[in-house]
2 protein chains.
Amino acid sequence: MKYIEPLARLIGQLTKLPSVGEKTAARYAYAILNAPDEDAEELIAAIKDVKENVHFCSVCGNYTEDDVCEICKTREPKVICVVKEPRDIVALEKIKDFKGVYHVLGGVISPMEHVGPNDIRIKELLARLDGVEEVILATNPDVEGEATAMYIARLIKPLGIKVTRIARGLPEGSVIEYADESTLSRAMSSRITL
Amino acid sequence: MKYIEPLARLIGQLTKLPSVGEKTAARYAYAILNAPDEDAEELIAAIKDVKENVHFCSVCGNYTEDDVCEICKTREPKVICVVKEPRDIVALEKIKDFKGVYHVLGGVISPMEHVGPNDIRIKELLARLDGVEEVILATNPDVEGEATAMYIARLIKPLGIKVTRIARGLPEGSVIEYADESTLSRAMSSRITL
């Protein structure tokens, strides 16, 4: 005996959440157990709502409740920013500078995980390049993200469309002394004239 | 715009869990969104099960699915270990040494939070002392836990029942250099002859 069955079961389900171990799951389970019934009902309703009503935008692959997402509906598709996942759009939208549209790949090319170019939404990207002036490749600055950006750039550049990659360098507030070599090397080689 | 409404709502519900901020809640929400439907259904079923079928043992106050918990059903009530919350029982049961029963107070005396002796299950403890040989006070070693233990000890000792308090001292694996004064002082005064 450790936890009674319903608690053990809830703890087991909660450990499926990212980075949630048994202790954290137990804290959450106790909180749910001790919370007012309305809170548990609202949580259940919110989970159901997300599972039933959120799907992918038929144009860009972002999360939406409709057929086409708010961004695709309201902005001009002259500049397309290519990202790995819908959550990257949330991060990029926070800076408020970008007025173009997005394209979600739904993953990156990764031979290690058996993800090839046909497993992500590259074909869908190529199919919507009519009238597009620039494609910004905003995949993560890691091995897979870099390889995916290079792969897509090689496909699109011959079409005469401007292809750019988000800049790499030292992050705001960082300390040169502790920066890793790869970042520092990139920051030096991408230096700009003042 | 930041998150679409169903996601924002689920994130809001998840931030009600202990120590879960918006970023963590967003990670959980995305995980739930991307998980198989069965996982979300099992999570919902587990939450419902806990809210509907878990209640307090009518004898000791522990969590149970029945009227009386497994421990009260199967063990002799000669030694009662008094704890603040049901989750303390889970911790104490892990050590497997204790063969007695428990009594959950459901809180501790705390004038700051307007919790008096009548707000916790002290009367219920006094009502089950018939034939009891020892009462172990296992409330937390903090101000409220200590005060509650002292209060209960004063009530029970006159009845001729042995009353003990769990030991305080340096925790396993700790370093004397960094121990707080109160712990160190307790470890010195409670030293045992070898």
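If we sort B:110-121, B:16-27 on the protection proxy, mean other Cβ atoms within 10 Å, highest first, what's the order?
Highest to lowest by the protection proxy: B:16-27, B:110-121.
Output the relative contact order of the range A:60-165, whole-number percent, from Cα pairs under 8 angstrom with separation of 6+ residues.
27 percent
If I model a spin label at residue B:112 and residue B:153 as a point 7 Å from the Cα along the Cα→Cβ vector, what separation in nanometres do I get?
2.1 nm
Take the Cα atoms of the range A:89-147, find their three principal axes, and give me the spread along each one in whole Å, biggest first.
Extents along the principal axes, in whole Å: 35, 26, 15.
What's the percent breakdown of Cα-Cα distances in the range A:119-168 across 5 Å bins, shortest bin first?
Bin by bin from 0 Å, the calculated values are 5, 20, 33, 26, 12, 4, 0.
For a Förster distance of 30 Å, can you work out the FRET efficiency between the beta-carbons of residue A:167 and residue B:19, rounded to the nearest 0.05?
With a Förster radius of 30 Å, E is 0.30.
How do B:170-176, B:86-92, A:66-72 rank on mean C-beta neighbours within 10 Å, highest first?
Going from most to least packed, we get B:86-92, A:66-72, B:170-176.
What's the whole-number percent of alpha carbon pairs in the range A:60-165 lying beyond 25 angstrom?
15 percent
Please compute, for peptide A:14-24, the average count of beta-carbon atoms on other protein chains lying within 10 Å of each residue's beta-carbon.
4
DSSP loop trypsin sites (Lys or Arg not before Pro) in the range B:139-186 with at most 16 other Cβ atoms within 10 Å of their Cβ, which ones?
Qualifying residues, ordered by number: B:168.
Counting C-alpha atoms alone, how compact is the protein assembly as shown: give Rg to one decimal and Dmax as a whole number, in angstrom.
29.2, 94
Take the alpha carbon atoms of the range A:8-72, find their radius of gyration, then divide it by 2.2 N^0.38 Å using N residues; give the quotient.
Against the compact-globule rule of thumb, the ratio is 1.48.
Which three extents, in whole angstrom, do the alpha-carbon atoms of chain B cover along their principal axes, largest first?
Principal extents (Cα only, largest first): 65, 48, 35 Å.
All of the numbers you see were taken from the coordinates with simple rules; none came from a lab. Only a predicted model underlies this, so the values are computations on that prediction, with no experimental measurement involved. Neighbour counts run over all protein chains shown; Cβ positions are idealised from the backbone, glycine included.
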